[in-house]
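What follows is a single structure, written as structure tokens, with notes after it.
Only the coordinates and a few stated rules stand behind these numbers; no lab work does. Bear in mind that the values here come from a model prediction, so they are computed numbers and not experimental data. Here the Cβ is made from the backbone with ideal geometry for all residues, glycine too, and neighbour counts use every protein chain on show.
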Amino acid sequence: MKLLSRVVACCCLLAVAAPALADEDGWVSLFNGKDLSGWDISENPETFSVKDGEIVVNGPRAHAFYAGDVGGADFKDFAWKCEIMTKPNSNSGMYFHTEYQEEGWPNKGYEVQVNQTHSDARKTGGLYAVKDVMDKSPVKDNEWYTQEVIVEGKHVVVKVNGKVTCDYTEPDDHEAPADRSGRQISHGTIALQGHDPGSEVHFRKVLIKLLD
């Protein structure tokens, strides 16, 4: 009986301590669908909320940086995808190889744009200010779509609904611009962007697959 009790106790402990499990294709969820556990929100935490199993982004500038257990929140080579829906005139982004920053636009890492009808001419599926999708988004507001970012070495591929929208390899002589000195391939966490109070963007099924 004592042995059985110990076995049960150990199983319970393992269940509590176990990290998120990958599915058969290696994808792991970074969002539990209930709250923002495992995410650190900068600047204006009220911009991010959870409703009906979705991350809702609506409010003044803020960024949600992943800080959970998967990969030690430090990713180098990976595939990362989300299902996204934008409301009209909204702007957001998916950052990678970044780090927590209390204020301002993240200096470290790259941003993949999320924007269908916001006034910014850089649209969904581009690598922001590096290799852009200009003027016309490949998808529409008020419709769910999947955006995927694949990083292997210095090679970055962005896909929207399975179609490649950006294929970029950082050159060996890459020099980051002065106002984004940390914009380079390295390693780091990922982040979701809250752009401005007029933007409302929904995220769900936030999944990552480690490739290194």
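Rounding to the nearest 20 debye, state how big the charge dipole of segment 125-212 is about its Cα centre with +1 on each Lys and Arg Cβ and -1 on each Asp and Glu Cβ. It would help to have the intermediate numbers written out before the result.
On the way: 11 positive and 15 negative charges, 81 e Å.
For this selection, approximately 380 debye.
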*asked:* Placing unit charges on C-beta atoms (Lys and Arg positive, Asp and Glu negative, everything else neutral), compute the dipole magnitude of the chain about its Cα centre in debye, rounded to 20.
replied: 580
*If you place +1 on the Cβ of every Lys and Arg and -1 on the Cβ of every Asp and Glu, how big does the dipole about the Cα centre of segment 73-124 come out, in debye to the nearest 20?*
300
*Unit charges at the beta carbon, dipole of segment 78-156: most positive-side option, N107, P138, I150*: P138
*Determine which aspartates and glutamates satisfy two conditions relative to K209: a Cα distance under 18 Å, and not lying fewer than 8 residues away in the same chain.*
D23, E24, D25, D69, D74, D77, E83, E148, E152
*Once both labels are modelled 7 Å past Cα along the beta-carbon direction, what's the K136-S37 spacing in nm?*
4.6
*asked:* With the cut-off at 26 Å, tell me which of the pairs K76/K205; K51/K154; K87/K163; K87/K205; K34/K136 have Cα atoms farther apart than that.
replied: K51/K154; K34/K136
*Degrees, to the nearest 10: 2-17 long Cα axis against longest axis of the chain*: 10
*Which order do the peptides 135-148, 85-98, 170-183 take when ranked by the mean count of other beta-carbon atoms within 10 Å per residue, highest first?*
85-98, 135-148, 170-183
